[in-house]
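In what follows, a structure is listed as structure tokens, so that the remarks can point back to it.
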């Protein structure tokens, strides 16, 4: 879990180069760590709070065709075995005619921190994110915080935990069936998701565990209690793409709500 995730070069190319120029997004976003509380099972619930200036947006973990996914580095972190993110349901934005997923204003991203041993934990490192207004700019934000050994429940973190995607069970999702066909430089995946409609203008996001693969925006068709989502999954080097169907993450969104499920069966 504690690994450095690099930003795709193609996405960084969409952003302005520095070249010694003034940073147009200098005051666009600030980051701080909410200390949170220790749970009964020994893990710690904390929060990464991003505060964005008026008109600026940043991205969800799977941002869409025009976005930059956040990339965390944990260098300097102490007494931490793992960090698990609990991403709030993102907003849907239109960016120059392309759909992106992310946040505006302020967002708290709850994190569940697993200690390596007894004692206090330190979260230290940096995150690379993209922020957009009239332009898109990569930003590097650093953090360094000691987590309290006990702490107390935090209303902002609790609210963000409530704003999570529904589980498959809670959304009456009864199954996901995947069909895969070869295309040039990759595969096309058709997923049939059995669930009642979540609302108008449903969209679906399909995530793969391999960060180097490119996944297209999903084409979505609703027929009764079946939502069909189709994506192309391409390799930057071309050729064969191998997928573990059990590791695919499916998220359906509509009307500010989301449903998340992992894995699909084949046919």
Which is closer than 13 Å to residue 58 by Cβ and at pLDDT 95 or above, of 104, 171?
104
Can you say whether residue 69 is in contact with a strand residue (DSSP E or B) (Cβ under 7 Å, 6 or more places away or on another chain) and modelled with pLDDT of 95 or more, as far as the supplied structure shows?
no
Could you pull out the residue among 60, 56 that is closer than 13 Å to residue 138 by Cα, at pLDDT 95 or above and touching a strand residue (DSSP E or B) at 6+ places or on another chain (Cβ under 9 Å)?
56
Is it the case that segment 138-153 has a residue that's free of Cβ contacts under 8 Å to residues at least 24 places away in the same chain, in a loop (DSSP other than H, G, I, E, B) and not assigned by TED's automatic domain parsing to the domain that holds residue 247?
no
Quick one: in segment 194-213, which of the residues that are assigned to a strand (DSSP E or B) and touching a residue at least 60 places away in the same chain (Cβ under 8 Å) is farthest from residue 266 (Cα to Cα)?
203
Hits in segment 97-108 - residues which are surrounded by 16 or more Cβ atoms within 10 Å (Cβ to Cβ) and either farther than 27 Å from residue 218 by Cα or touching a helix residue (DSSP H, G or I) at 6+ places or on another chain (Cβ under 7 Å) (or both):
108
Of the numbered conditions (1) surrounded by fewer than 18 Cβ atoms within 10 Å (Cβ to Cβ); (2) outside the structural domain of residue 38 (by TED's automatic domain parsing); (3) under 17 Å from residue 259 (Cα atoms), residue 168 satisfies every one except a single condition; which is it?
(1)
Which of the residues spanning segment 117-137 are surrounded by 13 or more Cβ atoms within 10 Å (Cβ to Cβ), over 20 Å from the mean Cα position of the chain (by Cα) and outside any strand (DSSP E or B)?
121
Looking only at residues that are in contact (Cβ under 8 Å) with a residue 60 or more places away in the chain and under 20 Å from residue 101 (Cβ atoms) in segment 225-251, which one is surrounded by the fewest Cβ atoms within 10 Å (Cβ to Cβ)?
248
Checking residue 157 against (1) in a strand (DSSP E or B); (2) outside the structural domain of residue 219 (by TED's automatic domain parsing); (3) crowded, with 21+ Cβ neighbours inside 10 Å, the condition it does not meet
(1)
From the set of residues in segment 81-101 that are farther than 27 Å from residue 162 by Cβ and in a strand (DSSP E or B), which is modelled with the lowest pLDDT?
95
Residues (without any contact (Cβ under 8 Å) to a residue 60 or more places away in the chain, over 17 Å from the mean Cα position of the chain (by Cα) and either within 18 Å of residue 249 (Cα to Cα) or not in a loop (DSSP other than H, G, I, E, B) (or both)) located in segment 52-80:
78
For segment 174-193, which residues satisfy the criterion of being assigned to a loop (DSSP other than H, G, I, E, B), closer than 26 Å to residue 232 by Cβ and either modelled with pLDDT of 95 or more or in contact with a strand residue (DSSP E or B) (Cβ under 6 Å, 6 or more places away or on another chain) (or both)?
185
Would you be able to say whether some residue in segment 35-42 is part of a loop (DSSP other than H, G, I, E, B) and farther than 21 Å from residue 153 by Cα?
no
Among (1) assigned by TED's automatic domain parsing to the domain that holds residue 58; (2) within 30 Å of residue 75 (Cα to Cα); (3) out of contact with any helix residue (DSSP H, G or I) (no Cβ under 8 Å at 6 or more places or on another chain), where does residue 210 come up short?
(1)
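The values are calculated or read from the model by the stated rules, or taken from the named source; none is laboratory data. These numbers were taken from a predicted model, which means no experiment stands behind them. A quick note on method: Cβ atoms are made from the backbone with ideal geometry, for glycine too, and the neighbour counts reach across all protein chains shown.
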